[in-house]
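> Right, I'll just put the structure down here and ask away after.
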Amino acid sequence: QGLERMIELLRWRGKLDDIVILFFGDHIVKGLGIDAEECTMYPQMQLAFDEKYIYTDLYIYNSATEGFTYDKIGTAIDLLPTIANLWGFDYDAKTVMGRDLFDPDYSGFYFAHWGLWKGSTFYYDTIGDTFSEVTDGFNETAAYEEISEYYKKQEISMKILKLDYFREDQDDIPADEK
């Protein structure tokens, strides 16, 4: 209701075309678990467990995009490149882990549960190294390439944390670790 009121006021003041509103939830709704056994809210709300309840949507609103729906999976690391590209901001793609969700060459990817990743045409069990729920267009070689890319990003992320890469004083980092 608050968002609706804000949009009404912006429209009334003639400012709605000048604003972009972005909403993103960073985690599961509090009280809803990743499976029915660990969550008591499903029976309380008279809902059957459905995977859709554990993921969050990204909403980008501008009067020019009103009514437009884009259905691609992604994760929080995709927010920066998506927003940067929407607004034409320059950034160094080598220092950003995510991808632009509107990039037609990016099929989307996210971490569904502990040890389970979801691509646009598959789920991948990292522990058992198996694919499930594959859909039309699934290509195992392409899927492994995508998974390999994310393992590399995970490794880079760990090195950034370990080395405190973005600290002010870089002089004491050995050259072979930069």
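> With every protein chain left in place, what is the accessible area per residue of the range 61-137 in square angstrom, probe 1.4 Å?
Working: 4760 Å² over 77 residues.
Counting only protein heavy atoms, the per-residue value for the range 61-137 is 62 Å².
> For labels at TRP12 and LYS153 in the simple 7 Å Cα→Cβ model, what's the distance in nm?
Rounded to a tenth, the inter-label distance reads 4.3 nm.
> Using 0.36 nm per residue of separation minus the Cα-Cα distance, give me the extension gain between LEU86 and SER63 in nm, one decimal.
Values: separation 23, 0.36 × 23 = 8.28 nm, distance 1.45 nm.
This chain segment gains 6.8 nm when fully extended.
> Now a separate question. Out of the total accessible area of the range 119-165 (probe 1.4 Å, heavy atoms of protein only), what percent is carbon and sulfur? Show your work: numbers first, answer last.
Numbers: 1700 of 3210 Å².
About 53 percent, which is the carbon plus sulfur part of the accessible surface.
> Rounded if a/c is under 1.5, else prolate if a/b is larger than b/c, else oblate: which is the range 71-151, with a ≥ b ≥ c the root eigenvalues of its Cα gyration tensor?
Values: a/c = 2.28, a/b = 1.91, b/c = 1.20.
Because a/c hits 1.5 or more and a/b exceeds b/c, the range 71-151 counts as prolate.
The values are calculated or read from the model by the stated rules, or taken from the named source; none is laboratory data. Every value quoted in this text rests on a predicted model; they were computed, and no experiment measured them. Every residue, glycine among them, receives a Cβ derived from its backbone with ideal geometry; neighbour counts consider all protein chains shown. Remember, those area values only see protein heavy atoms, side chains included, never the ligands or the DNA or RNA. Shrake-Rupley method; radii C 1.70, N 1.55, O 1.52, S 1.80 Å.
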